[in-house]
Amino acid sequence: MIYQGSNNNQQAIIEQVANLPAVYLLFVGERANYKNFSRLLQCFAGLRNQHPDLHLICAGVAFDQEELLLIEKLKVENHCRQLIVNDAQLNYLYQQAQVFVFPSLYEGFGYPLLTAFKVGCAVAASNTSSFPEVGGDAVHYFAPDDTHSMYKTIEELLTDTSLRKQYIEKGYEQLKHFALAREIEETLNFYTKVTSRQ
C-alpha cells in the first residue's frame, strides 16, 4: 500500500521513523526459525566488512534474547535496528531501503514482495516456495540455505545501481500481473452475484 497524503502527513511519517541510516537492508515481519533470520544476520555481518555504513532495519516485534546474543556475537549491535511501525511508516521504510531481503525457507504467498514492487524497492529473496511464482524475474534470488549465495545476491544489488534499477522496473511490471488477475477475479465475482439473483 502507498499512502498518498498531504506534505504534513508525509512529514509526520518521516518524523516517526526519524534518524534512519542512509544505507540499509530491510527485513519485515516475524523472525521464527523458518524465516531464516539468523542466516541473514550472519550474511549481514559479512557484508559490513565491505560496506561499513550498511545497516539492517527489522520492522516487526522486538528482538528476543537469542537474537540479541547473536547480534552481539557478530558485533553488529550498532548497525542493527528493530522498529515497530504502522503501515504508512512501513511503506516509507520500503521506499528508503537499498534492498528488501526476504530469506524465508518457505512462505505461503509472499505478499511483502508485492509491497516492495509497488513502492519501488529492489528485492533479494529465497529461490524456494512461492517466491519464484510470485516474484517472476523481478527478484534477485539466492539459495536460502547458502550464506555465500545470499551474500553474493545482496552484494550485487548494493554495488550495482543499474542492476538495482532494472529489478525495480521489473517489479513494477510484475505487479501488473497481479493487478490484472485481481481485476478478473472481481469481475467474475460481480457476474456470479448478478446471475445468482436471477
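The string of couplings for the range 33-42 from the Karplus curve (6.51, -1.76, 1.60, θ = phi - 60°) is 3, 5, 6, 6, 5, 4, 5, 4, 4, 4 Hz, one whole number per residue in order, with x for Gly and Pro. For HIS55, the residues whose amide H sits under 5 Å from its own are VAL23, TYR24, LEU25, ignoring neighbours fewer than 5 places away on the same chain, with H placed 1.01 Å from N.
Only counting other Cβ atoms within 10 Å, I'd like THR147, THR153, THR161 sorted with the fewest neighbours first.
Details: THR147 17, THR153 23, THR161 11.
Least crowded to most crowded, the residues run THR161, THR147, THR153.
Residue pairs exceeding 24 angstrom between C-alpha atoms, taken from LYS73/LYS118; LYS35/LYS152; LYS75/LYS170: LYS73/LYS118; LYS75/LYS170. Each residue, ASN33 and THR159, gets one label point 7 Å from its Cα in the Cβ direction; the gap between the two is 3.5 nm.
Amide H to amide H, with H built 1.01 Å from N, LEU83 comes under 5 Å of CYS58, ALA59, GLY60, counting only residues 5 or more places away or on other chains.
Each reported figure results from applying straightforward, stated rules to the coordinates on display, with no laboratory input. These numbers come from a predicted model, not from an experiment. Neighbour counts are summed over all protein chains in view; Cβ atoms, including those assigned to glycine, are modelled from backbone coordinates with ideal geometry.
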